Amino acid sequence: MAYMDKNILELHELLVSKKVKPLDLTKEALELAKADNNNAFETIAEQEALEFASNLKEPEVDNLLWGIPFLAKDNFSTKGIRTTGSSDILNDYVPVFDATVIKRLKDKKCILIGKTTLDELAMGGSGTTGHLGKTFNPYDPSHRYMIGGSSCGSAAAVASGIVPFALGSDTGDSVRKPASYGGLVGFKPSWGRISRYGLFPFATSLDHVAYFSRSVADCAILLETLAGWDELDMTSSHKEVAKYYGNLNSDIKGKKIALVREIMDSIKDEKILKDFNKTIEIFKEKGAIVEEVSISHQLLNALFPTYLVISCAEATSNNANLDGVKFGPRFGDAKTYQEVMMNARTNGFGELIKRRFVIGSYSLFKSNQEEIFLRAQKIRHLIVNRVNEILNEYDAIYVPCVSTARNPFENSVTDKLSDEYLIAENHLAIANFGGLPSITLPIGLDDNFPFGANITTKAFDEQNAFNLAFALEKALPYKNMTAGRILK
Ligand code: GLN
């Protein structure tokens, strides 16, 4: 048994030629999940997975997802399976319905193996704030460096070869950044492209369903199933769903790619810059036109504070329903509903969440709204306007994802007001501000630690993002990489 480090297309071949059965794959994935030592799991859904897989008998030749095991971040509602958001306030919450994306994957006969850890309620980027503690990077047996968050468990599980793909959510960079640390393809589509019904809301205007895979083709295959109008999510788009996989094309001749000078300048790591520059040459060799553009320092420095104000404000409002009454455990011996609420929110939330709710409440407070919240909205607008200006002229924006491949748990951030932090560590949120498709793929290794680059395109131009990534992937050795199979 050694199938689970294969990608969706490879597994499909094996399944339709009956060399392997969904039940075999499921058993292997379950064994690997149980042996995980990166703290990637909240729940392993053993019984449910075995039962589901046992019913899959006759392969569906035209259904590339038939019989493929997967994982979901523990902020997607799963009917009958505990869903915690990695927060104590939802410790014993068992949803009565499936999120639309879970339902769509089940309808395609994908097998849900379990639920993965996250930074509590998807807030955070370190993979350390969930109620089960730190999630580790499978590329680092010493457990000193981050896989990143908030979709830490999904990233760790795909990177360690447990399943070929896993769902996450991306509000600022929560899939695309861990994808970089995990040597994976990480993708979020346009805002509205995938229904968010059943995804715990964090910051509604920025939240996206997103996911990890080990190849660009798999990523395109998944979007064909996940995308599309959903009557249960009024923010989902009616736009037709394209044949992203069928239209995958590595001919990128004439495509115009923009490099943002200030973002590149904020990255100091020589290995990252060297490999990033190599990929620019690859694009050029393939006939793409690569040029530098500029986004003002002032706007880029404003990214993080703007993100913080908007996301915390929306999070405070969205999470007001976690009051200890409707869901989750009761804490202590409360007599009144006010006490129930106070106990639940005091004991149920971690430090980071409380801090963010303070920021959110403060910026929404009537007398502060104009000065803080509305101002942040205006700055968001200015940033999006500039980015859209660039994308009117170019097919894509291309940038390195992270400032270092090895981000230690301790001292990960020294000066939070430096460009290195404000820009290098936060620029991926640009695609959330604008609701733009954005894909990360591995472009290099620093002493066996992977790192990625990111391609962002116009709203609903997912195809261009896939095609550019596909072209690059073909020219690099990192497709299908796992921590157990480092490719150079
Ligand atoms: N790291 C960002 C934050 O802390 C992004 C989180 C996300 O995308 N869910 O909010």
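Figures for the structure shown
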quantity	calculated
Filter on LYS188/LYS479; LYS6/LYS239; LYS188/LYS274; LYS79/LYS134; LYS108/LYS134; LYS6/LYS57 - keep pairs with C-alpha separation over 23 Å	LYS6/LYS239; LYS188/LYS274; LYS79/LYS134; LYS108/LYS134
Dipole magnitude of the range 1-88 about its Cα centre (Cβ charges: Lys, Arg +1; Asp, Glu -1), debye to nearest 20	120
Rounded accessible area per residue of the range 269-372, 1.4 Å, Å²	55
Kyte-Doolittle mean at least 0.0 and Cα axial length at least 30 Å: DSSP H helices in the chain	297-318
The range 175-257: GluC sites (Glu not before Pro) falling in loop per DSSP and having at most 16 other Cβ within 10 Å	GLU231, GLU240
Residues in the range 56-88 reached by a label modelled at GLN47 [backbone nitrogen below 16 Å; 7 Å Cα→Cβ]	79-83
Summed side-chain charge close to LYS286 - residues other than LYS286 whose Cβ falls under 11 Å, Lys, Arg +1, Asp, Glu -1	+1
Net charge dipole size for the chain [Lys, Arg +1 and Asp, Glu -1 on Cβ; Debye, nearest 20]	260
Solvent-accessible area of LYS79 with every protein chain in place, 1.4 Å probe, in Å² to the nearest 10	130
Trypsin sites (Lys or Arg not before Pro) lying in DSSP loop within the range 11-40, provided at most 11 other Cβ fall within 10 Å	LYS18, LYS19
Contact order normalised by residue count of the range 1-129, Cα under 8 Å, 6+ apart, percent	27
Additional length obtainable on full extension of the chain from GLU410 to GLU285, 0.36 nm per residue less Cα span	40.9 nm
When each of LYS177/LYS474; LYS243/LYS268; LYS109/LYS177; LYS106/LYS474; LYS268/LYS378; LYS109/LYS255 is checked by Cα-Cα distance, pairs over 27 Å	LYS243/LYS268; LYS109/LYS177; LYS106/LYS474; LYS268/LYS378; LYS109/LYS255
The chain: antiparallel DSSP beta bridges as a percent of all, rounded to 5	65
Length-normalised contact order of the range 84-196 in % [C-alpha pairs under 8 Å, at least 6 apart]	21
Value of relative contact order over the chain, rounded to a whole percent, pairs C-alpha under 8 Å and six or more apart	18
Qualifying chymotrypsin sites (Phe, Trp or Tyr not before Pro) in the range 85-167, DSSP loop, other Cβ atoms within 10 Å at most 15	PHE97
The range 302-395 - charge dipole about Cα centre, Lys and Arg +1 at Cβ, Asp and Glu -1, debye rounded to 20	320
Cβ-based net charge around ALA431, under 13 Å, with every Lys or Arg adding one and every Asp or Glu removing one	+1
Cα gyration tensor, the range 336-488 - rounded (a/c under 1.5), prolate or oblate	oblate
FRET efficiency estimate (nearest 0.05) - Cβ-Cβ, VAL384 to SER294, R0 25 angstrom	0.95
Separation in nanometres of the label points that stand 7 Å from Cα toward Cβ, at TYR337 and ASP446	5.2
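The values are calculated or read from the model by the stated rules, or taken from the named source; none is laboratory data. Note that this is a predicted model, so its numbers are computed, not measured. Positions of Cβ are generated from backbone atoms using ideal geometry, with glycine treated the same way; all protein chains shown enter the neighbour counts. For the accessible areas, the whole protein counts, side chains as well, though only heavy atoms, and no ligand, DNA or RNA atoms are used. Shrake-Rupley method; radii C 1.70, N 1.55, O 1.52, S 1.80 Å.
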